[in-house]
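K.L.:
Please see the structure below; I have some questions.
The values are calculated or read from the model by the stated rules, or taken from the named source; none is laboratory data. Bear in mind that the values here come from a model prediction, so they are computed numbers and not experimental data. Cβ coordinates were reconstructed from backbone atoms using ideal geometry, including for glycine residues, and neighbour counts include every protein chain displayed.
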């Protein structure tokens, strides 16, 4: 009976985790479709969206960077409940905001909620779930990101105001907050309670001590570069194809959609592959695939070779983020896991914000063909960082093994 009860509890938590990753992607897909209507409603210039994104990113960084310390003070379930409530409040607040500045202010709350959900769930998943499940969790994010535009498009096509789309998604977030509230005790009954996460007062690592670990700093760099590549390919491929290579809007748009679709499909496939491939082999194959796809995009011109390269990039990128998250406890140790995951999520947010902006600056000065060059070069840098991370991890594991042997020898003597 106890085993059946535990299995039932695990299934409930996995289902909630899947639903939460879908919820993370939903708001990301709303803004782009809603923006023309929002801009018209508030009489804003086209680039005003940047202020909302800056506030959202600031809140995301704040909560994800401090997630390890938050988990030291509350359970995973409580953190997720509060975070979903914050996100729901901000999304519904968007719908009732009387002025643009109010919406921008709510962007900070939205980012804080999303960042805490992201870091909290990834910490939980890294210490509780297999690499297969973590890949499938991140595939759920893609489902949410693809569903957001559909929801807002249907709202607008039905001649409803854009606010209704945010109310729909905000209500979904509120239902998740209620679900986390009622299941908060189940989260603490799992192996990922405060003690196993290394967040009890006796074993908790401080943020500064975690940052002093070389492997943690290397992993931060890997997340920064990887998410920069992923976001930049999705952001700039359309402009490269249409403005740089004279490809039709429909063809370019189709292949950008294929890129994002390949990312989601790749994570589903990676979940199956994780059953018979080690995380390191999966990561190595993926990073080589990213470099190959970026090179095809760079050198392919207006040919199908370039399009396939973009799609292949999406598929190859798929396992990198979730597999790196899944490997975090083994890489940094349980006492540093919650802090390290938070730092990695923060680095990912910075990467996906700064990389596309930097490539945009280079494209304005050097032309859009620099996009392919930058992606290929960054992919090579990412491979180098991963090799350094793997080497450092091997040295750390050998050092720990030697210390254990020495301790055992002294005990025998």
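K.L.:
Which is in a helix (DSSP H, G or I), in contact with a helix residue (DSSP H, G or I) (Cβ under 9 Å, 6 or more places away or on another chain) and without any contact (Cβ under 8 Å) to a residue 12 or more places away in the chain, of 154, 164?
P.N.:
Criteria check complete, one pass: 154.
K.L.:
Using the structure shown, decide if residue 273 is at negative phi and crowded, with 16+ Cβ neighbours inside 10 Å.
P.N.:
Judged against the criteria, residue 273 is a match.
K.L.:
When both residues are 6+ apart or on different chains and their Cβ atoms are under 8 Å apart, which pairs have a first residue that lies in segment 195-223 and is surrounded by 13 or more Cβ atoms within 10 Å (Cβ to Cβ), and a second that is modelled with pLDDT under 50?
P.N.:
200/194; 203/195; 204/198; 205/198
K.L.:
Now for a separate question. How do the pairs read when you match residues in segment 260-274 that are in the same structural domain as residue 285 (by TED's automatic domain parsing) and more than 20 Å from residue 149 (Cβ to Cβ) with residues anywhere that are surrounded by fewer than 17 Cβ atoms within 10 Å (Cβ to Cβ) and modelled with pLDDT of 85 or more, using Cβ under 7 Å and keeping only pairs 6 or more apart or on different chains?
P.N.:
Within 7 Å, no pair qualifies.
K.L.:
Do we find a residue being touching a helix residue (DSSP H, G or I) at 6+ places or on another chain (Cβ under 6 Å), within 22 Å of residue 68 (Cα to Cα), without any contact (Cβ under 8 Å) to a residue 60 or more places away in the chain and assigned by TED's automatic domain parsing to the domain that holds residue 33 anywhere in segment 123-141?
P.N.:
The answer is no; no qualifying residue exists.
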